[in-house]
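Structure record follows, encoded as structure tokens.
The values are calculated or read from the model by the stated rules, or taken from the named source; none is laboratory data. These numbers come from a predicted model, not from an experiment. Neighbour counts run over all protein chains shown; Cβ positions are idealised from the backbone, glycine included. The accessibility values were calculated without ligands, DNA or RNA, using every heavy atom of the protein model including side chains. Shrake-Rupley method; radii C 1.70, N 1.55, O 1.52, S 1.80 Å.
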Amino acid sequence: MVEDVVRTLGFLCMGSRLRRIGERLQADTQQVIDEAGLSIQAGQYPFLAAVDRAGPLTIGELAQAVGITQPGATRTTGQLLELGYVDMQPAPHDQRRRLVSLTDKGQELVDHSKKVIWPRIAAAVADLCGDLDGPILEQLAAIEDGLAVAPLARRSPVKEEG
């Protein structure tokens, strides 16, 4: 059997390991979505949730709410526009800004998902994490906050042994 280098190298490969876990969670979530017969990608749900929670948002605000780049938010919003889940209209007080809002179809999907899909996914992830020691969501938030304060390149160098 080949060694799992990402796991073995610990902190050195933490980003790769978190990405691997995230990709697995996304794929498993997608399977639940597909089994429910819904035409949406797991990675698009946070956008719908952001607009549902905050109301109409600009692309920049969506990017910030979901924690991705503006080009990534533009791409995902375009996909959601094509699917008919969101609409984009000029902002009432500033015609240069365009606001993304849920369409009726998008709101129906969100309402259904809040009742059926999201609780199932949340319960499954909670079950997965149930036996872990310590508050994992708080720990992940602390890692994100720490990276916002000082990225890895600005953190302490290795201490010399000796």
Among what's in region 73-94 and is part of a helix (DSSP H, G or I) and either touching a helix residue (DSSP H, G or I) at 6+ places or on another chain (Cβ under 7 Å) or among the aliphatic types (A, V, I, L, M) (or both), pick the residue that is nearest to LYS105 (Cα to Cα). LEU83
Has region 62-72 got at least one residue that is farther than 26 Å from GLU144 by Cα, of a type outside the set (Ser, Thr, Tyr) and out of contact with any Pro (no Cβ under 7 Å at 6 or more places or on another chain)? no
Test each condition in (1) within 17 Å of the chain's Cα centre (by Cα); (2) surrounded by 15 or more Cβ atoms within 10 Å (Cβ to Cβ) for THR103 and report the one that comes out false. (1)
Within region 27-54, residues surrounded by fewer than 14 Cβ atoms within 10 Å (Cβ to Cβ) and either of a type in the set (Lys, Arg) or closer than 14 Å to ILE117 by Cβ (or both) come out as GLN31, ASP34, GLU35, ALA36, GLY37, SER39, ARG53
Conditions (1) of a type in the set (Gly, Ala, Ser); (2) under 15 Å from the mean Cα position of the chain (by Cα); (3) more than 22 Å from GLY15 (Cα to Cα); number of the one not met by GLY78: (2)
When region 79-100 is checked residue by residue, the ones that are closer than 21 Å to ASP34 by Cα and open to solvent by less than 100 Å² (accessible area, probe 1.4 Å) are GLN79, LEU80, LEU81, LEU83, GLY84, TYR85, VAL86
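Please work out if ILE117 is surrounded by fewer than 15 Cβ atoms within 10 Å (Cβ to Cβ) and of a type outside the set (Ser, Thr, Tyr).
In short, no.
So how many residues does region 50-76 have that are among the aliphatic types (A, V, I, L, M) and touching a Lys or Arg at 6+ places or on another chain (Cβ under 9 Å)?
So the answer is 2.
Would you mind finding the one in LEU38, LEU12, LEU62 that is in a helix (DSSP H, G or I) and touching a helix residue (DSSP H, G or I) at 6+ places or on another chain (Cβ under 8 Å)? Let's see the steps before the verdict.
Working: LEU38 fails: in a helix (DSSP H, G or I); LEU12 fails: touching a helix residue (DSSP H, G or I) at 6+ places or on another chain (Cβ under 8 Å).
So the residue among LEU38, LEU12, LEU62 that is in a helix (DSSP H, G or I) and touching a helix residue (DSSP H, G or I) at 6+ places or on another chain (Cβ under 8 Å) is LEU62.
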